[in-house]
Amino acid sequence: MKGFAGGRLFNEKTSPFGVALTPVQCIHYALTRPAAASIMAGFSEPKHVLDAVQYETATEEEKDYASILAAAPQHAYSKKCMYCNHCKPCPSDIDIAMVNKLYDLATMQEVVPASIKAHYMALEKNASDCISCGGCETRCPFGVDIVERMAKTKELFT
């Protein structure tokens with residue numbers, strides 16, 4: 001489970017809930033999902049590890065995420081890629097979720113990090129291979145404008 005949504009959940013502007021969550025809340029949410037036994041989280045600096053480790057001693061109030069989810073507007077996930085892969089299959093064999101994830105990670109920064117660009121360029125197929133058929137959009141449960149995002153991604157990484 002991608003418990004931190006690439007860091008999107010830590011910023012009120014990028015969180016689909018309009019509120020920043022803490023690493024403790026994100027970890028607790030992930031670990032309380034049916035059949036989830038662990039969470040893998042990415043860290044870009046040592047402080048992130050220390051923030052996540054606080055889960056072990058957190059109080060129930062610090063772990064509470066339900067109040068945030070309950071207050072979220074019904075459209076919280078609308079038009080936002082959740083990297084769920086319901087858009088598959090792509091006739092061009094693009095890993096749409098990964099392309100969207102890398103686009104989101106890149107646009108969260110002032111300048112596209114070289115590591116993200118390298119990951120994007122290493123993809124076997126990327127946004128440049130999109131034929132704009134729109135089949136992915138008909139399968140997307142979140143109403144993401146995937147064809148438009150592919151065009152933006154192509155422009156961002158070229």
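The values are calculated or read from the model by the stated rules, or taken from the named source; none is laboratory data. None of the values given here were measured: they were computed from a predicted structure. Here Cβ is always computed from backbone atoms with ideal geometry, including for glycine, and neighbour counts include all displayed protein chains. These area figures cover heavy atoms from the full protein model, side chains too; ligands, DNA and RNA do not enter into them. Shrake-Rupley method; radii C 1.70, N 1.55, O 1.52, S 1.80 Å.
Going through (1) touching a His at 6+ places or on another chain (Cβ under 7 Å); (2) free of Cβ contacts under 8 Å to residues at least 12 places away in the same chain one by one, Tyr65 falls short only on (2). In this entry, Leu102 passes the filter for residues that are in contact (Cβ under 8 Å) with a residue 12 or more places away in the chain and surrounded by 12 or more Cβ atoms within 10 Å (Cβ to Cβ).
Go through the stretch 29-51 residue by residue and tally those that are modelled with pLDDT of 90 or more and of a type outside the set (D, E, K, R). Write out each step before concluding.
Looking only at the stretch 29-51, we keep the residues that are modelled with pLDDT of 90 or more, and these are 50-51.
Those still in the list that are of a type outside the set (D, E, K, R) too: 50.
Counting residues in the stretch 29-51 that are modelled with pLDDT of 90 or more and of a type outside the set (D, E, K, R) gives 1.
Taking the stretch 141-158 as the range and being farther than 16 Å from Ser92 by Cβ, of a type in the set (A, V, I, L, M) and open to solvent by less than 40 Å² (accessible area, probe 1.4 Å) as the test, only Val144 passes.
Close Cβ contacts (under 7 Å, 6 or more residues apart or on different chains) running from residues in the stretch 122-142 that are of a type in the set (S, T, N, Q) to residues that are surrounded by 11 or more Cβ atoms within 10 Å (Cβ to Cβ) comprise Asn126/Ile94; Asn126/Val99; Asn126/Tyr120; Ser128/Lys154; Ser132/Val147.
Does the stretch 94-110 contain at least one residue that is modelled with pLDDT under 90, among the aliphatic types (A, V, I, L, M) and within 17 Å of the chain's Cα centre (by Cα)? The answer is yes; a qualifying residue exists. Being within 20 Å of Leu69 (Cα to Cα) and of a type outside the set (D, E, K, R) is a property that Ala41 lacks. Close contacts from the stretch 77-97, counting a first residue that is free of Cβ contacts under 8 Å to residues at least 24 places away in the same chain and a second that is of a type in the set (A, V, I, L, M, F, W, C) and open to solvent by less than 30 Å² (accessible area, probe 1.4 Å), with Cβ to Cβ under 8 Å and a gap of 6+ residues or different chains, come to Asn85/Ile96; Asn85/Ala97; Ala97/Cys81; Ala97/Cys87. Taking the stretch 1-90 as the region of interest, the helices (runs of 4 or more DSSP H) fully inside it that hold 3 or more residues being more than 25 Å from Glu137 (Cβ to Cβ) and open to solvent by 60 Å² or more (accessible area, probe 1.4 Å) are 46-53, 60-63, 66-71. Could you check, for the stretch 118-140, whether at least one of its residues is closer than 25 Å to Phe17 by Cα, among the aliphatic types (A, V, I, L, M) and crowded, with 18+ Cβ neighbours inside 10 Å? Taking every residue of the stretch 118-140 in turn, none turns out to be closer than 25 Å to Phe17 by Cα, among the aliphatic types (A, V, I, L, M) and crowded, with 18+ Cβ neighbours inside 10 Å.
Please go through the stretch 105-121 and pick out each residue that is free of Cβ contacts under 8 Å to residues at least 24 places away in the same chain and either in a helix (DSSP H, G or I) or hydrophobic (A, V, I, L, M, F, W, C) (or both).
Scanning the stretch 105-121 gives Val111, Ala114, Ser115, Ile116, Ala118, His119.
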